[in-house]
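Worksheet for the structure shown next.
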Amino acid sequence: MAAGSAIQIPSRLPLLLTHEGVLLPGSTMRTSVDSPRNMQLVRSRLLKGTSLRSTIIGVIPNTSDPTSDCDDLPSLHRIGTAALAVQVVGSNWPKPHYTLLVTGLCRFQILQLLKEKPYPVAEVEQLDRLEQFTNQHKSEEELGELSEQFYKYAVQLVEMLDMSVPAVAKLRRLLDNLPREALPDILTSIIRTSNQEKLQILDAVRLEERFKMTIPLLVRQIEGLKLLQKTRKPKQDDDKRVVAIRPNRRINHIPSTTEDEEEEEDHDDVVMLEKKIRTSSMSEQALKVCLKEIKRLKKMPQSMPEYALTRNYLELMVELPWNKSTKDRLEIRAARILLDNDHYAMEKLKKRVLEYLAVRQLKNNLKGPILCFVGPPGVGKTSVGRSIAKTLGREFHRIALGGVCDQSDIRGHRRTYVGSMPGRIINGLKTVGVNNPVFLLDEVDKLGKSLQGDPAAALLEVLDPEQNHSFTDHYLNVAFDLSQVLFIATANTTATIPPALLDRMEIIQVPGYTQEEKIEIAHRHLIPKQLEQHGLTPQQIQIPQVTTLDIITRYTREAGVRSLDRKLGAICRAVAVKVAEGQHKETKPDRPEVGEGEDCKEHVTEDAKTESISDTADLALPPEMPILIDFHALKDILGPPMYEMEVSERLSQPGVAIGLAWTPLGGEIMFVEASRMDGEGQLTLTGQLGDVMKESAHLAISWLRSNAKRYQLTNASGSFDLLDNTDIHLHFPAGAVTKDGPSAGVTIVTCLASLFSGRLVCSDVAMTGEITLRGLVLPVGGIKDKVLAAHRAGLKRIIIPQRNEKDLEEIAVNVRQDLTFVMASCLDEVLNAAFDGGFAVKPRVERLNSKL
Ligand code: ADP
């Protein structure tokens, strides 16, 4: 509808009452409709109407209090704007409402309200844009001077804006093309004016009055703009001027607002960012992308969500260490000393690490297998990784992969996603600030898999020296060279590492520690570290080796030293309190030493209590240093021992045997219990068992059944058919850890042999080995961990498969000396070793056999 042409509005108009601003003829406004009256109007008039006339409504500024939610129609403003509803958008969130886009046509005045419900309808009289007005050029002549003056101000205002912006250029053209009488309304709705001012303009029905009222508003805007531009630097970005004209609400009174300053700062930041991008050493491809993005950023209004996204992206690109690296200082002798200083024992691991570093020194090329340390928790895998970084003089960063099941965790999200961010590799590089750090990929065996892709596949790309020089994170979308990064992985078990990943890595097993090694580690490393962390000195606390041994055997049962470290931390905390309080529990010199402590177990709590009370009496006395931690102090601090030597107790009945199991957390001793009852020959298995374990149980029973006569094994009614009228229940207690694998075969046989013979298995024997139907014992894995576990549990004799004999070489001499090993190649040998005095074979049967 051309602005100058005459309009004829209907004489009856439905009325839309708006709180949000004042619509003036010639301008467009978006208004939200949620009051019941307005909603009704939209529904029954706008959405149902079919003619163009039905889309014409009367928009009346609602001057009543918007919060008063009464049913009665408020007193209506006399003058309104007839408007064309251009668009209706409905939404149900957060509550049902419509958003209307309306364009003002002309003024009208209400003559009479025809109905109030469901929405008001009034008889109206059109006040402008009538035929007679548009044809009257006279009015223009009369108002000549006033309208000319208005026009000049309008031109001046528009020309202060940036003409290169299409909207501004269009506005400039409109000023010339539109009839002058339409200008006051249009400009009032463009410039900053309050609703009150707009209402006055709406009420100014006479054109002369309207011109007179709008000129001061224009002048005010021009002055405000001038002030604004003066405070800006000449180099100011032109786009910003367009943005600036509108937000300045307080143009009258506060010329330079904080908002402006912020913008100013932002602008400076963008310039700085551009400078940083240009001076950074990023790759050519990255530079190209960044420059393109910064160009876009400059054109973007800051209020756009994309502005912040683009800026974050660019800031990350600048921060990334494209070309920044630390200088390697590698000297094998120094590395050896450093590794030895940081870690006790783990000779095999240290040897392999030194070899690896030596090759690195000779051949300055990082292509090679990725080292992967595999072992139970707390054996120092992470800590060795850190030492490697230290010896090389490189930055160290740990990336925990446990539970990662989305490949974008590794490779980042594309920037089109809301909340997208780079993956852990790029994030890690940003954190360390150099491109050649040591990255420790912790727990690669615990990578998950999900619908969001396989993170292991993404890791493959990261670890593959052939590919990783151009690793492309989805967020960055440009290649980053990872070839200088030294990757080291850790895992608890190789079983769950994806095979393709395993293929790229060199596995170095890190077994658990012996008690002696743990004591040394505690005294050389853990205790000094804990003392330092708690601000204590060796003059204040003394932990004798016997106490450490007690902590190891009675308070922890682990392959590594993490729990031990925690317990030592608890002791240090308790001592720190005593030291800080200036008092401590006096350790009586005549108190029995730790080794003998067991005998007086019952008295300890009482003893400690009386002492604590007497302690309070000598508050004034200075603490006696060093505070000695003996077994009694240990009990006070850590509570009663958590593990006792329970082995002999549990083997006091027939039908129990001790096996040795391997878990990702190290070796474990495992009790196998069996019982029999009247039944149908059923076998029941309980405990968390895998399929292989169940098969072993069946094998064991079959072998025993076929050899029952030979060993004089009978069921309850004396029959050699062991399952005749008998049910057997086998139970594998100890926790919810799933046990699987064939190595429990010999234990199950021994346990059942004990059950059917009624004899006790020796209480200090543990065993491991796979069995065959023919009674042979086959080798199994994890011997070192299993032997250490048996040693930890205080067992003395260990039955292992003959073919595992070679594995014993790896075990420390002192452990081997404490234990007796029985190498078994068949089940006869196992049973003979497991029962005191051997497991008798009936001589007559043998004689018979030999005759045959
Ligand atoms: P992992 O990564 O194998 O789970 P950590 O590297 O986190 O274990 O080790 C746990 C703690 O035990 C660390 O404080 C580490 O310094 C210490 N530690 C483990 N093994 C040794 C060792 N051989 N010598 C010295 N400290 C050790």
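The values are calculated or read from the model by the stated rules, or taken from the named source; none is laboratory data. Since this is a predicted model, take the numbers as computed values, not measurements. No Cβ is skipped: glycine too gets one built from the backbone with ideal geometry, and neighbour counts run over all protein chains shown. Note: areas computed on protein heavy atoms with side chains; ligands, DNA, RNA excluded. Shrake-Rupley method; radii C 1.70, N 1.55, O 1.52, S 1.80 Å.
Amide hydrogen proximity for F671: with H placed 1.01 Å from N in the peptide plane, the residues at 5 or more positions away or on another chain lying under 5 Å are G659. Toward the positive end of the charge dipole of the range 656-834, with +1 on the Cβ of Lys and Arg and -1 on the Cβ of Asp and Glu, the farthest Cα among P801, L773, T726 is that of P801.
Annotation for Q109 and K299: the two label points, set 7 Å from Cα along the Cα-Cβ direction, are 5.0 nm apart. FRET efficiency for the T472 to D269 pair, using the beta carbon distance and R₀ = 35 Å, is estimated at 0.80.
Quick check on the range 12-126: take the gyration tensor over C-alpha atoms, sort the square-rooted eigenvalues as a ≥ b ≥ c, and tell me if it's rounded (a/c under 1.5), prolate or oblate. Judged from the Cα gyration tensor, the range 12-126 comes out rounded (a/c under 1.5). Extension gain, E506-E680: 0.36 nm per intervening residue step, less the Cα-Cα distance, totals 57.4 nm. Amide H to amide H, with H built 1.01 Å from N, C106 comes under 5 Å of A82, counting only residues 5 or more places away or on other chains. Using the Cβ-Cβ distance between S64 and L451 with R0 set to 51 Å, the FRET efficiency from 1/(1 + (r/R0)^6) comes to roughly 0.40. Given R₀ = 51 Å, FRET efficiency for K48-K230 by Cβ-Cβ distance, to 0.05? Step by step, r from the Cβ atoms, then E = 0.40.
Each residue, R573 and E145, gets one label point 7 Å from its Cα in the Cβ direction; the gap between the two is 9.0 nm. Summarising the label geometry, the points placed 7 Å from Cα in the beta-carbon direction at A308 and D176 lie 4.3 nm from one another. Amide hydrogen proximity for Q712: with H placed 1.01 Å from N in the peptide plane, the residues at 5 or more positions away or on another chain lying under 5 Å are K842. Note on S325 and I637: the extension gain reaches 107.6 nm, defined as 0.36 nm multiplied by sequence separation minus the Cα-Cα distance.
Summarise the accessible area of the range 12-126 (1.4 Å probe, protein heavy atoms) by the percent that is carbon and sulfur.
Heavy-atom surface of the range 12-126 belonging to carbon and sulfur, 1.4 Å probe: 50 percent.
Per residue, the range 12-126 exposes an accessible area of 50 Å² to a 1.4 Å probe, with every protein chain left in place.
Longer than 28 Å from Cα to Cα, which of K230/K288; K95/K295; K198/K226; K518/K806; K350/K529; K430/K518 are they? Say none if no pair is. K230/K288; K95/K295; K430/K518, as the Cα separations exceed 28 Å there.
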